[in-house]
Amino acid sequence: MGLKRDEGNINSEFKMRSFIRMPLSSAFLSRKLDDFGAISTNRNETLTHKSLRHHRPSLILEIYEALSSRSNLLTVDEYDRCGPAKLPLTARNYFLGASGRRTTYKRNKDAFDEIKIVPRMLRDVSKNSLETSTLGLDVDFPIGLSPVALHRLAHPDGEIATVAGISPFRTIMILSSFASTLLEEVARAAQDSSIHLWMQMYIFDNHTWTTTLIRRAERSGFRGIVITADSPVYASLTCDGRNQILTQTEVDLENIDASKIKFSPSAVFRDITWLRSLTKLPIIIKGLLSGADATRAILAGASAILVSNHGGRQMDGAPAAIEALPGVVDAVNKLFPRRDVYMDGGVRSGQDVFKAIARGAKMVFIGRPIIWGLAIGGAKGVNNVMTTLRNEFNETMLLAGASNVKEIRKDTLIPLVPIWG
């Protein structure tokens, strides 16, 4: 299969190059084929691991296409690996974009690997449950969806496909104010499910935009307001990931006017008090990394805190969310023991979920993996990402000696807290 360098083949060429750059080997590809059985290629050949003894770039590309077209990949890491190359270059750069040298983006995932789980043996785990609750909402397991903009860049049905994918679960979906679907349409799609919707927004320079979004969310049955606090200004993203996304695609922001809104560089903690006066819905402050900030936010009226560094898209060099989590939890618990703390950033496995819960998170939220699920399999891909994380988390919890979420303890982790904490 020859690849000509023309407009129609640029994406395929990228896929082949990026796939070959991965740390792949015949052994790795053999394992993939063993996982899935025989795979049919574009030539209607049947590939098995024996075919790889004399593999060539064109064969590698066909295996890649066959694997990435499946929505039942075995791990979230596989979605991480295969998902981006399913997208056009502009969309891929947008979702993969990170600030600075991508230090914080990489640290989010690496920090999880440095935490070890010490299982507790001979515990009775026969009565098993993953259920928990937060802010009066019951959920099937402590994994929800972080706000991610423009889902339609990953799939034509966008946020509606995401809702369909998670509709079998009682969970929380935080809808981005930069969504590519009207919030009212998302609410209608979710109304016959057990999904709890929270609406994410910023303190915009023109407060009217913030107020309008709150009112629309209230009318549509949203159950919480999430205010992202880490963005007084836009950070520059690698590969120009943000600047051209709306001019080079046919996907629009459906809930706000991108030409008129901007973040407020003058936002302060008392703006939380102002927001508290506008609505009876819980207000969750997202993007805090220090205990001092979390305490001030709750004193100003916040109902809960979501520890996050914006997926490494704002302050490069900030700590990983899992590193910042214990300090925030300790500070909040000292003064407000009934206030919940959540986290997002770098979660790619059920083991990661366990580690975050053990460090005090009430729930864990995921962002990019949902986009990769959409890109690979639409609603089915989203469902498989969530199912994979749930099942891995349950297995990890039981093997660690806990039968339910409340039994997960921080002393099952090494180190107990970050070395720098």
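The values are calculated or read from the model by the stated rules, or taken from the named source; none is laboratory data. A quick note: this is a predicted structure, and the numbers were derived from the prediction, not measured. Methodologically, a virtual Cβ is constructed for each residue, glycine included, from the backbone with ideal geometry; neighbour enumeration extends over all protein chains shown. These area figures cover heavy atoms from the full protein model, side chains too; ligands, DNA and RNA do not enter into them. Shrake-Rupley method; radii C 1.70, N 1.55, O 1.52, S 1.80 Å.
Here are a few things to note about the model shown:
- Scanning the stretch 337-373 for residues that are surrounded by fewer than 24 Cβ atoms within 10 Å (Cβ to Cβ), modelled with pLDDT of 95 or more and closer than 22 Å to PRO282 by Cα turns up ARG339, ASP340, GLY360, LYS362, GLY367.
- Residues within the stretch 324-335 that are within 15 Å of ALA358 (Cα to Cα), open to solvent by 10 Å² or more (accessible area, probe 1.4 Å) and either under 17 Å from the mean Cα position of the chain (by Cα) or among the basic types (Lys, Arg) (or both), tallied: 0
- Test: residue in the stretch 156-170 that is of a type in the set (Val, Ile, Thr), farther than 19 Å from ILE322 by Cβ, open to solvent by 50 Å² or more (accessible area, probe 1.4 Å) and not in a loop (DSSP other than H, G, I, E, B): yes
- Flag for GLY327 being at positive phi and assigned to a helix (DSSP H, G or I): no
- A search for C-beta distances below 6 Å between a residue of the stretch 304-323 that is under 15 Å from ASP293 (Cα atoms) and in a helix (DSSP H, G or I) and any residue that is hydrophobic (A, V, I, L, M, F, W, C) and open to solvent by 10 Å² or more (accessible area, probe 1.4 Å), counting only pairs 6+ apart in sequence or on different chains, returns nothing.
- Being in a helix (DSSP H, G or I), over 25 Å from GLY346 (Cα atoms) and over 21 Å from the mean Cα position of the chain (by Cα) is not true of SER259.
- Test: residue in the stretch 280-301 that is part of a helix (DSSP H, G or I), under 14 Å from MET201 (Cβ atoms) and not aromatic (Phe, Trp, Tyr): no
- Residue match in the stretch 96-106 (condition: touching a Pro at 6+ places or on another chain (Cβ under 7 Å) and under 18 Å from LEU374 (Cα atoms)): yes
- The listed residue being among the charged types (D, E, K, R) and farther than 12 Å from LEU130 by Cβ, out of ARG368, ARG390: ARG368
- Complete set of residues in the stretch 114-155 that are open to solvent by 40 Å² or more (accessible area, probe 1.4 Å) and within 23 Å of VAL341 (Cα to Cα): GLU114, LYS116, ILE117, SER129, GLU131, SER133, LEU135, GLY136, ASP138, ASP140
- Scanning the stretch 239-268 for residues that are open to solvent by less than 30 Å² (accessible area, probe 1.4 Å) and either within 28 Å of LYS106 (Cβ to Cβ) or modelled with pLDDT under 85 (or both) returns GLY241, ILE245, VAL251, ILE261, PHE263.
- Within the stretch 96-130, considering residues that are among the hydrophobic types (A, V, I, L, M, F, W, C) and at pLDDT below 95, the one nearest to ARG359 (Cα to Cα): ALA98
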